[in-house]
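This report concerns only the one structure given below.
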Amino acid sequence: MEQNVAIRACAGAGKTYTLAWRYMVILDDFADKSRHQIEQNWLGPKNILVITFTKKATAELNQRIYETLSTILKGEEVGSPVDLKHLNKNNSIYITWLQKQLLNPQIMTLDAFCMSILKDNPILSGIDPGIKMMDENEAKLFYKICYHQYI
């Protein structure tokens with residue numbers, strides 16, 4: 001847990017499953033460390049960065065993490081492949097705080113991560129802070145226009 005990890009595997013190999021449980025282990029560790037801290041120093045989702053390649057993987061990972069945490073907090077069995085000792089009702093103030101923090105986890109696609117860096121540093125990047133990513137239709141139209149101009 002003391003190092004960053006990159007998970008690469010083919011489709012259906014369990015990358016999302018593995019990432020979801022690794023995320024839960026990190027949250028469990030944060031719950032333990034936060035027991036003796038004031039709320040302003042608590043660690044949570046803002047301290048974890050997960051980068052995926054697709055919006056689908058991002059959405060699925062967000063959903064799995066939220067559902068797993070909700071199940072744990074209800075005291076139900078989740079079939080955990082790891083021992084989560086600190087995410088429990090005994091730490092209810094932290095858990096309530098954590099649930100609110102999970103509304104904005106830092107789980108994003110690579111392009112969204114790059115965009116966040118540009119928006120957070122508009123002067124250094126020389127990019128208008130109001131910039132937005134093209135949606136799929138805008139990207140197709142842009143590609144089509146560029147292609148025709150090139151030809």
On the basis of being without any contact (Cβ under 8 Å) to a residue 12 or more places away in the chain, under 30 Å from Gly130 (Cα atoms) and either open to solvent by 50 Å² or more (accessible area, probe 1.4 Å) or not in a helix (DSSP H, G or I) (or both), does Cys10 make the cut?
no
Qualifying positions in the stretch 113-149 - in contact (Cβ under 8 Å) with a residue 12 or more places away in the chain and in contact with a Ser or Thr (Cβ under 8 Å, 6 or more places away or on another chain):
Leu118
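Quick grid of which residues meet (1) modelled with pLDDT under 90; (2) open to solvent by 30 Å² or more (accessible area, probe 1.4 Å); (3) part of a loop (DSSP other than H, G, I, E, B); (4) more than 22 Å from Lys100 (Cβ to Cβ):
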position	(1), (2), (3), (4)
Tyr17	yes, yes, no, yes
Ala20	yes, no, no, no
Met24	yes, no, no, no
Asp28	yes, no, no, no
Gln37	yes, yes, yes, no
Do we find that Thr58 is of a type in the set (Val, Ile, Thr), under 30 Å from Asp135 (Cα atoms) and touching a Leu at 6+ places or on another chain (Cβ under 9 Å) in this structure?
no
Quick one: which helices (runs of 4 or more DSSP H) sit completely within the stretch 73-151 and have at least 1 residues that are of a type in the set (Phe, Trp, Tyr) and surrounded by 10 or more Cβ atoms within 10 Å (Cβ to Cβ)?
92-101, 110-120, 136-150
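The values are calculated or read from the model by the stated rules, or taken from the named source; none is laboratory data. Bear in mind the structure is a predicted one, so any value in this text is a computation, not a measurement. Every residue, glycine as well, gets a Cβ built from its backbone with ideal geometry; the counts of neighbours run over all protein chains shown. Side chains included, ligands, DNA and RNA excluded: accessible areas come from the protein's heavy atoms. Shrake-Rupley method; radii C 1.70, N 1.55, O 1.52, S 1.80 Å.
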